[in-house]
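The block underneath contains the structure these notes are about, expressed in structure tokens.
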Amino acid sequence: MNRVIAIYPGSFDPPTNGHLDLIQRGAKIFDELVVAILRNPEKTALFTVEERLEMLRECTGQWKNVHAEAFDGLLVDFARNRGAQAVLRGIRAVSDYEYELQMAWMNRKLDSSLETVFMMPAADYSYLSSRLVREIASLGGALAGFIPPLVETRLRARLGVKLNSRK
Ligand code: PNS
């Protein structure tokens, strides 16, 4: 039987409920889903790759066909090494589309056997991003519903901001 393996790549700095929503959807349609954090020396991140891996592993433990890994180099090479047939990416709004389409075309050019599959998160997460989460956290705003509690605890600790009880 042909097992379909997909890679869900990204920065995940930090993982949000939007990411988890997509992981849950991906876990339903793929036999195996590898959540892959890019080791990107060009981008300054709030959390180290190891911290992000730990958070993702804790948040995705309930899905037995999901695991998290870090990768560097080209996504298509990582996908080939893992025997993956697909790349999963989320599209929240039209504004995501151009960037995502460009990446998908380029990845297809680099490896025509790899398919990019786009999925939409729940509408509630259509305006959610890691960047906005970092910004709201740094300004002491309420994050309930945007990120898992374990991510919130680590985010507040990292930023040294008091927990805001506003909902
Ligand atoms: O969450 P992000 O930051 O939008 O994810 C971007 C990511 C990691 C998917 C993309 O930068 C990537 O795949 N980088 C790996 C290097 C690579 O393969 N570059 C060519 C992509 S067309």
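When the Cα positions of MET103, ILE91, ALA144 are compared along the charge dipole of the stretch 81-167, ALA144 comes out farthest toward the positive end, with charges on each C-beta of Lys, Arg, Asp and Glu. Scattering from the stretch 91-143 was approximated by placing one identical point on each alpha carbon and applying the Debye formula without solvent; log10 I(q)/I(0) at 0.14, 0.21, 0.29 1/Å stands at -0.53, -0.83, -1.07. One decimal place: the segment MET106-VAL94 gains 2.4 nm when fully extended, by the rule 0.36 nm per residue minus the C-alpha distance. What would the Debye formula give as log10 I(q)/I(0) at q = 0.09, 0.14 Å⁻¹ for the alpha-carbon point model of the stretch 1-133, no solvent? Listed by q, the Debye log ratios stand at -0.24, -0.60. Springs between alpha-carbon pairs under 10 angstrom, Gaussian network model over the chain: which of PRO121, PRO149, PRO14 fluctuates most? Maximum fluctuation in the GNM of the chain, among the listed residues, is at PRO149. A helix-only calculation puts the chain at -12500 deg cm²/dmol for mean residue ellipticity at 222 nm, using -39500 (n - 2.57) for each DSSP H run of at least four residues, averaged over all residues.
Charge tally around ASP77: other residues with Cβ under 15 Å, Lys/Arg +1 each, Asp/Glu -1 each, net +2. The largest accessible area among THR116, THR44 belongs to the first residue in THR44, THR116, and the rest follow in falling order (1.4 Å probe, all chains).
With all protein chains in place and a 1.4 Å probe, the accessible surface of the chain carries 54 percent carbon and sulfur.
A 1.4 Å probe run over the protein chains yields, for the stretch 1-61, 46 Å² of accessible area per residue, whole-number rounding.
Over the stretch 90-142, accessible surface divided per residue gives 68 Å², non-protein components excluded, 1.4 Å probe.
The values are calculated or read from the model by the stated rules, or taken from the named source; none is laboratory data. Computed from a predicted model, the values in this text were never measured in an experiment. Every residue, glycine among them, receives a Cβ derived from its backbone with ideal geometry; neighbour counts consider all protein chains shown. Note: accessible area is taken over every heavy atom of the protein model, side chains too, but ligands, DNA and RNA are not part of it. Shrake-Rupley method; radii C 1.70, N 1.55, O 1.52, S 1.80 Å.
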